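Chemist: Below is one structure. I have some questions about it.
The values are calculated or read from the model by the stated rules, or taken from the named source; none is laboratory data. In this text the structure is predicted, and so the values were computed from the model without any measurement. We place every Cβ from the backbone using ideal geometry, glycine too, and count neighbours over all the protein chains shown. Accessible surface is based on the protein model in full, side chains and every heavy atom, while ligands, DNA and RNA are left aside. Shrake-Rupley method; radii C 1.70, N 1.55, O 1.52, S 1.80 Å.
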Amino acid sequence: MEPSPCPRVATGQQIGAGWTPALSVVKALAALAEARRLGGEAVYWLADEDHDRLEVATTVGFQEDRILPHRFRFAAPDNTAAGWLPWTGEHQLEAERLWGEVPLPGEPTLRGHALALGAPLWKRGLRPFSPTDPALRQPIQEELERWRSLDLEQDLVRQAGLLDAEGVRYGLDPRQQSAWFSLDPRTGRRMRLEPGEPCPRGRWLSPGAALRPLMQSLLLPGLAAVVLGPGERAYWRLTEPCWERVGLVKPRIISRPSVFLVPRGAALNAELLEPLRKGRWEDFPGAADGAAPPSAALIANPDPGWDAATSGRFAQEVARARHRLGRLDRRLRRNQAGAALGMDPERLRQRLFPLGRPQERVLPGLLWLRQDDLLDRMLAALGEAGPVVLLEEP
């Protein structure tokens, strides 16, 4: 374990190609802002022990204004932890075709790629931390074995039952997902351990996602706070009964803010983000004012003297007309929303919610990491952040 000269604030993310998703940059800067406020140190936990291949390999590239989903391929056995996945010269060329200039890794692994991309954050004072460093990991094996002897799995299962009774969603199910794995430090193979199954000789004990918060505090003494996204906060609820049992103090949890980069001149506020995402143009300021929608001009009723067939055909034609006019209604509301925003709301929606999701969940963080001015403005804004931060694009 490391000495603790000052309070620490930690955050982290499973390392992904291109630092995808960009929300990992937000987490990093939010931790740095909080550490500066406390006069402490910010630590970025490189989750290079995780082995979700699909997550680390999935990102997006660009073709003019189009966003194109992309997936890297890694020649490594199944269950290889992310830090050991090879990052070859071909991966580097593939990344440059997607995003332009990409920093060269210091080692030919996905961990090396992530460390190289994070250099602008390390320069600002955030410290990268790998939990798979043998000098740190080997000395805690005995303590992890002690934890395993406490049968923490049963605590997790009981807590899951309590949360179920409260109607709380917690993201992972300890009745299905293993609490312990073994990790081969030579190859990075991470394999599930069944209850009572001994950890093979020469391998490390590796806590599952629900118990990882405990190992984080063990490896980072003086951990005062952690910056977590909503999914992480949910599964941290599972660990609540375990802290006292292992003799650790749970750090304070800080909710990760969301950041949106907004085009210059767009008159947008946080309250309008959800109507924008759903295309509810009628909820924008001024949309209910001014001219009545085109469908309101259609007032037509059948003549009482018509026969039933004529009246029925008339009703069908009116319904078709109303449907077509409804499209004009939407166009009018979109134009009115555009006047309030100062730009076409549909184009703005595509910028802030590409592929239907917030841009920070879709874009690679590399796009933000290469912009020093943006990082400085984001850091300053996160120091005074509410739950949502809107920043003007550079």
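Chemist: Just grab the label-to-label distance for Ser149 and Arg66, each label 7 Å out from Cα along the Cβ direction, in nm (one decimal).
Modeler: Distance between label points: 6.1 nm.
Chemist: Shifting gears a bit: When 1/r is averaged over all different Cα pairs and the result inverted, which Kirkwood radius in Å belongs to region 10-56?
Modeler: Details: mean 1/r = 0.0889 Å⁻¹.
Every distinct Cα pair counted, the radius reaches 11.2 Å.
Chemist: Based on the mean of other beta carbon atoms within 10 Å per residue, what is the order of 225-232, 141-148, most packed first? Write down the numbers at each step before the final one.
Modeler: Values: 225-232: 20.1, 141-148: 15.6.
Ranked from most to least packed, the peptides come out as 225-232, 141-148.
Chemist: OK, next. Whenever you get a sec, compute what percent of the accessible area on the chain sits on carbon and sulfur atoms (1.4 Å probe). Could you put the intermediate results ahead of the total?
Modeler: Numbers: 9860 of 18960 Å².
Roughly 52 percent of what the probe reaches on the chain is carbon or sulfur.
Chemist: Now a separate question. What base-10 log of the normalised intensity I(q)/I(0) is obtained for region 96-238 from the Debye formula, alpha carbons as equal point scatterers, at q = 0.11, 0.12, 0.16, 0.20 Å⁻¹?
Modeler: Evaluating at q = 0.11, 0.12, 0.16, 0.20 Å⁻¹ gives log10 I(q)/I(0) of -0.54, -0.64, -1.03, -1.31.
Chemist: For Lys123, go through the lysines and keep the ones whose alpha-carbon is under 19 Å away, minus same-chain ones fewer than eight residues off.
Modeler: Lys27
Chemist: Suppose the chain between Val318 and Gln176 were pulled fully straight at 0.36 nm per residue; how much longer would it get relative to their current alpha carbon spacing?
Modeler: Numbers: separation 142, 0.36 × 142 = 51.12 nm, distance 5.59 nm.
Result: 45.5 nm gained on full extension.
Chemist: Given 4 °C and 1.567 mPa s, compute D for the chain with the Stokes-Einstein relation, Rh being the Kirkwood radius over Cα pairs; round to the nearest whole µm²/s. The partial results should precede the final answer.
Modeler: Working: Rh = 24.0 Å.
In µm²/s, the coefficient is 54.
Chemist: Computed on alpha carbon atoms, what radius of gyration and Dmax characterise region 170-263, expressed in Å?
Modeler: According to the Cα coordinates of region 170-263, Rg and Dmax are 15.7, 56 Å.
Chemist: Rounded to the nearest whole Å², what accessible area per residue is found for the chain with the 1.4 Å probe? Before the final figure, lay out the partial values.
Modeler: Numbers: 18960 Å² over 394 residues.
Result: 48 Å² of accessible area for each residue.
Chemist: Suppose we keep just the alpha-carbon trace of region 257-394; what are its Rg and Dmax in angstrom?
Modeler: Spelled out, the Cα radius of gyration and Dmax of region 257-394 are 21.8, 75 Å.
Chemist: Given region 79-171 reduced to its alpha-carbon atoms as identical point scatterers, what log10 I(q)/I(0) does the Debye formula return at q = 0.10, 0.22, 0.25 Å⁻¹?
Modeler: Values returned for q = 0.10, 0.22, 0.25 Å⁻¹ are -0.52, -1.07, -1.22.
Chemist: Related question: Do me a favour and compute the ellipsoid semi-axes for region 128-194 from its Cα gyration tensor, root of five times each eigenvalue, largest one first, whole Å. Please report the intermediate quantities before stating the final value.
Modeler: On the way: eigenvalues 155, 37, 29 Å².
So the three semi-axes of region 128-194 are 28, 14, 12 Å.
Chemist: Could you work out Rg/(2.2 N^0.38 Å) for region 1-90, with Rg from alpha carbons only? All intermediate terms of the calculation are to be shown ahead of the outcome.
Modeler: Values: Rg = 16.2 Å, N = 90, 2.2 N^0.38 = 12.2 Å.
The reported ratio for this selection is 1.33.
Chemist: Using square roots of five times the C-alpha gyration tensor eigenvalues, list the equivalent-ellipsoid semi-axes of region 220-275 in whole Å, biggest first. Intermediate results must be reported in sequence, preceding the final value.
Modeler: On the way: eigenvalues 258, 33, 9 Å².
Over the Cα atoms of region 220-275, the semi-axes work out to 36, 13, 7 Å.
Chemist: Per residue and in cubic angstrom, what volume does the convex hull of the Cα atoms of region 56-116 have? Walk me through the numbers before you get to the answer.
Modeler: Details: hull volume 4.8 nm³, N = 61.
Convex hull of Cα atoms, per residue: 78 Å³.
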